[in-house]
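Structure, as C-alpha cells:
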Amino acid sequence: MDAHENEAKRLRQDVEWALQSALDPGEVLPLLHRLTRTAAPASEESIYAHRQLAELLVERHPWRAALHARKVLLWVKDDDRAWAVLGLCQTLLGNYKYAASSYFRALCASPKNPWYAHNLGHLVDVALGRADDAVVWLQTAYEGAMGNREIAASFAHALARAGKLDEAKRVLSRAMKRGVSREEAALWRWLEAGAPPDGDESQGTSTRVSFRHPIAVGHGTAAPVESIERAPNTRRKKARKSAEESAAELDSALVRGLSNLPLDPRQRARALVVAREPLVRKMAEDGHSVQGLAAALAYTIVYLDHVPLTQAEVAASFRVSAASLRGRFSALRTALHLAPGNAHYSRH
C-alpha cells in the first residue's frame, strides 16, 4: 500500500469520526474535498468522498451536489444513494422529469426502499401532473411503509387527483386516527371539497403539497430531508412566528418524534426541559426548522446518556436529514455547553 492509499484511508477515518461526532458539516467539507484529491479515482475512498459531498451539499448547493453524485454514478452505475441525491438535486433545480428518472433508477437499485417509491410517485403526481401513473408508485410506498402518515397523505392526494376520492378519504382517515396534523387537516378539507384543481380559489382551498426527499443511509433505511412546499398560484412568504406559536410547534414536533424512539419517560421529559431553554426558544422563533431543531433536541438526550442510537436513526424519526440534525445539534451543543455528564441536563 503506497503513501497516497494510506493517506486516503486515514482521511476517510477522520471524516467518519467527524460525522459520528455530530460536528458542523461545514467542518467536514474540507476533509472530504481533500480526500477526493488524495484518493485514486474510482477507489472505495474516492466514491465515499463524492457520495458524502453530494449528500452534505444537496440542500444548499444542489448544482454542486449533482456533480459529485454524477461522479459516483460514473463509477458505480447502480448506486441508489447517488441516484436519490441526484433526484433531489434536480427537483430543487426544477428539472422534474430528470428528477423522476433519477428516483426511478434509485428504486430499481433498491426496490424495497419505500421512500424512493414515495418520492417518485409524489413527484409524478404533483410536479408532472400524472396522478394515474403516480398512484402505482405511491401504493408501493404505502404498502412498504404501513403506518407512515407522510406516505399515506401523498397516496391520498394522488388517489383524489386520479378520481378515486372515496379511496383517498379511507387512506387519509386511517392515518388520522393517531392524531391530525395541520397538513392532514388541510388535505382533508380539500378532499371534502371534492378535490378541486390546485389553485382553485373559488373553492377557498389551497393544496400545498410537501416533497420529502430521503437519502438512503443504510440497507433498507432512509433519512428524509426537510420538505419543499409547492403552492401553485400562491406566493410563499416567510414570516417571523410569535413566541407562543413557535414554542407550541416545537413541543408538538418533539413529542411526536420522541414517540418513535426507544427512550424512557424521564429521558423524554428531559428533552422537553431542554426545549424550554430561552436560547432554544429563540432559535425556534427565529425561523430554524422546527423538525430539525426537535431532532437535535432528541439527539441531545441520546448524546448525554450514551444511548446506542445513530444520528441517522434519530433523524429518520423526525423525518429530517442526518445533515440537518448535525448542523442544529452543533449549534445547540455550543449554545448550551453540552457534554456527556453535564450536571444541568443529567439524569434526574
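Things to note:
- For region 1-155, the solvent-accessible area works out to 46 Å² per residue, with a probe of 1.4 Å and every protein chain left in place.
- Our note on the geometry: Cα centres of region 68-125 and region 252-282, 33 Å apart.
- Stokes-Einstein diffusion coefficient of region 34-172, Kirkwood radius over Cα pairs, 37 °C, 0.692 mPa s, in µm²/s: 211 µm²/s
- Region 245-323: radius of gyration and largest Cα-Cα distance (Dmax), Å: 11.3, 33
- Square roots of 5 times each gyration tensor eigenvalue, C-alpha, region 279-327, largest first, Å: 19, 12, 7
- Computed about its Cα centre, the charge dipole of region 242-305 is approximately 240 debye, with only Lys, Arg, Asp and Glu carrying charge at their Cβ.
- With the biggest extent put first, the Cα atoms of region 64-129 measure 33, 27, 13 Å across the principal axes.
- Hz values of 3J(HN,Hα) by residue in region 174-183 - Karplus curve (6.51, -1.76, 1.60), Gly and Pro given as x: 4, 5, 7, 5, 9, x, 10, 8, 4, 5
- Region 99-172: C-alpha gyration tensor shape, a/c 1.5 cut-off, then a/b vs b/c: oblate
The values are calculated or read from the model by the stated rules, or taken from the named source; none is laboratory data. Note that the structure is predicted; figures quoted are calculated from it, not measured. Heads up, the Cβs are rebuilt from the backbone with ideal geometry, glycines too, and the neighbour counts pull from every protein chain shown. We work out accessible area using only protein heavy atoms, side chains counted, and drop any ligands, DNA or RNA first. Shrake-Rupley method; radii C 1.70, N 1.55, O 1.52, S 1.80 Å.
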